[in-house]
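To start, the structure itself, in structure tokens.
The values are calculated or read from the model by the stated rules, or taken from the named source; none is laboratory data. The shown structure was predicted, so the numbers you read here are calculated from the model rather than taken from an experiment. Cβ placement follows ideal geometry from the backbone for every residue including glycine, while neighbour counts extend to all protein chains displayed.
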Amino acid sequence: MARQDDSVATVLAGLLIRIGAIKFGEFVLSSGARSPIYVDLRIVPSFPDVFRRVLAMLSGLVASEAGDAETIVGVATGGLPWATGVALSLGLPLAYVRSEKKGYGTGRRVEGVVRGCSVIVDDVATTGSSLASAAEAVREAGGRPCYAVVVVDRGQGAGERLSGLGVRLLRLATLREVLEAAGEEGLVERETVLRVIRELYG
């Protein structure tokens, strides 16, 4: 049970490790890079209590840091559950960005109507390539990508990449913060935490 004064990173570490959403081993990320850790947030909606708690934190973050938001935009497919929950919680319109244009019907890449300041929502940020691509799609569809928001930022270049596009990256916590909290709480062996941090960040 998390204490009231626990940090967001500590709460996330406890929730995600409990359901097996943080995995240690050897993984290949969507960017092609190899990693000793994988953050699998796609399983979170299968645990309603955890999903509800993380969504509440994510919606609170958007409400406090992106008060001028007019549209919530999910990145298919990992960002869709999170974007849907945030949009419903805040009473904002929802749209989503496909990974590529569909080859039939309207042929659009952005489904739904985007207008004004848009918040692009995904589960995890690494290099920022998916979020940057979504930001360009939103701009082409007539929206103004102002913010990108994720549950976990791996801290491997996404913030800088998005900043170059005029998009501010918001996150509940960095992966490093989650790892350090997990070590401090005894959820993961300290040696494992130090090894992974060393491999990821030098």
Task: Subset of the range 47-57 (residues that are free of Cβ contacts under 8 Å to residues at least 12 places away in the same chain and not charged (D, E, K, R)) - done: PRO48
Task: Tally, over the range 141-198, of residues that are farther than 21 Å from LEU61 by Cβ and acidic (Asp, Glu) - done: 4
Open item on the list: Where the second residue is at pLDDT 95 or above and loosely packed, with under 13 Cβ neighbours inside 10 Å and the first is of a type in the set (Val, Ile, Thr) and lies in the range 175-199, which pairs have Cβ atoms under 6 Å and are six or more apart or on separate chains?
Closed with: none
Task: Residues of the range 152-174 classified as assigned to a helix (DSSP H, G or I), among the hydrophobic types (A, V, I, L, M, F, W, C) and touching a Ser or Thr at 6+ places or on another chain (Cβ under 9 Å), total - done: 1
Task: Extreme residue, surrounded by the most Cβ atoms within 10 Å (Cβ to Cβ), among residues of the range 134-183 that are within 15 Å of the chain's Cα centre (by Cα) and of a type in the set (S, T, N, Q) - done: GLN156
Open item on the list: Given the condition modelled with pLDDT under 95 and either closer than 29 Å to ALA173 by Cα or part of a loop (DSSP other than H, G, I, E, B) (or both), answer yes or no: does some residue in the range 92-99 qualify?
Closed with: yes
Open item on the list: I want to confirm something. Restricting to the range 72-88 and keeping residues that are in contact with a helix residue (DSSP H, G or I) (Cβ under 8 Å, 6 or more places away or on another chain) and assigned to a helix (DSSP H, G or I), which single residue is nearest to GLY128 (Cα to Cα)?
Closed with: TRP82
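Does SER35 satisfy the criteria of being in a strand (DSSP E or B) and among the polar types (S, T, N, Q)?
Criteria met by SER35.
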Task: Residues (within 21 Å of TYR96 (Cα to Cα) and of a type in the set (S, T, N, Q)) located in the range 129-162 - done: SER129, SER130, SER133
Open item on the list: Condition first: at pLDDT 95 or above and charged (D, E, K, R). Now tell me which residues in the range 115-138 satisfy that.
Closed with: ASP122, ASP123, GLU136
- [ ] Would you please list the contacts, defined by Cβ atoms under 8 Å and residues six or more apart or on different chains, that run from a residue in the range 27-39 that is over 23 Å from VAL188 (Cα atoms) to a residue that is surrounded by 15 or more Cβ atoms within 10 Å (Cβ to Cβ) and modelled with pLDDT under 90?
- [x] none
TODO: Take the residues in the range 184-202 that are of a type in the set (Lys, Arg) and within 21 Å of GLY20 (Cβ to Cβ), then tell me which one is surrounded by the most Cβ atoms within 10 Å (Cβ to Cβ).
DONE: ARG195
- [ ] Answer yes or no: is there a residue in the range 45-57 that is surrounded by 14 or more Cβ atoms within 10 Å (Cβ to Cβ) and under 21 Å from THR127 (Cβ atoms).
- [x] no
